[in-house]
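Since every read-out is calculated from the coordinates, none of them should be taken as a lab result. Keep in mind that what you see is a predicted model, and the values were worked out from it rather than measured. Every residue, glycine as well, gets a Cβ built from its backbone with ideal geometry; the counts of neighbours run over all protein chains shown.
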Amino acid sequence: YKGVPGALVAYLGLFGPGVMLIFGMVPFWARLRHVKWFKSTLNGVNATAIGLVGAACVILWEGAVTTFADAMVFTLALCLAVVYGIGAPWVVLTGGVFGAILHKDALGLGQNEWCSLGQDL
């Protein structure tokens, strides 16, 4: 999937499981949030999730960022999430809009190759 359909599939794949988990936990949440071991477990799960997201960002950078426009979208999303603390759905939406504006069929800005590793200069 490429383009808008791929973005929609990625959005559903990213947020769908979490939303289903939230709705599945709601009936039990009031009781579990007061259990000490459960709160400690949640802290560990949160730290693990942050580490996995960081690793995924590095892997995605290496494979997906091929033009200056890609690097600008990636950097914008990173700054919105880390520096300004914007929620993930808004970061994804903003990155999608910014990426659409920079796309070669729209403004076409930043479409030069980002890095030419392994190629003679």
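Would you list, by chain and number, the lysines whose Cα falls below 23 Å from the Cα of residue 104, excluding same-chain residues fewer than 8 positions away?
Result set, ordered by chain and number: 2.
By how many nm would the segment from residue 20 to residue 39 grow when fully extended, if each residue of separation counts as 0.36 nm and the alpha-carbon distance is taken off?
4.8 nm
Placing +1 at every Lys and Arg Cβ and -1 at every Asp and Glu Cβ, with all other atoms neutral, what dipole size does the chain have around its Cα centre, in debye to the nearest 20? Could the numbers behind the result be given before it?
Details: 6 positive and 5 negative charges, 178 e Å.
Roughly 860 debye for the chain.
Which value, to two decimals, describes the C-alpha radius of gyration of the chain once divided by 2.2 N^0.38 Å?
It is 1.35.
PRE reach from residue 50 (point 7 Å along Cα→Cβ): which of segment 1-40 fall under 18 Å by backbone N?
From segment 1-40, the list is 39-40.
If you line up the long axis of helix 3-32 against the longest principal axis of the chain, both from Cα atoms, how many degrees apart are they, to the nearest 10?
For helix 3-32, the angle is close to 10 degrees.
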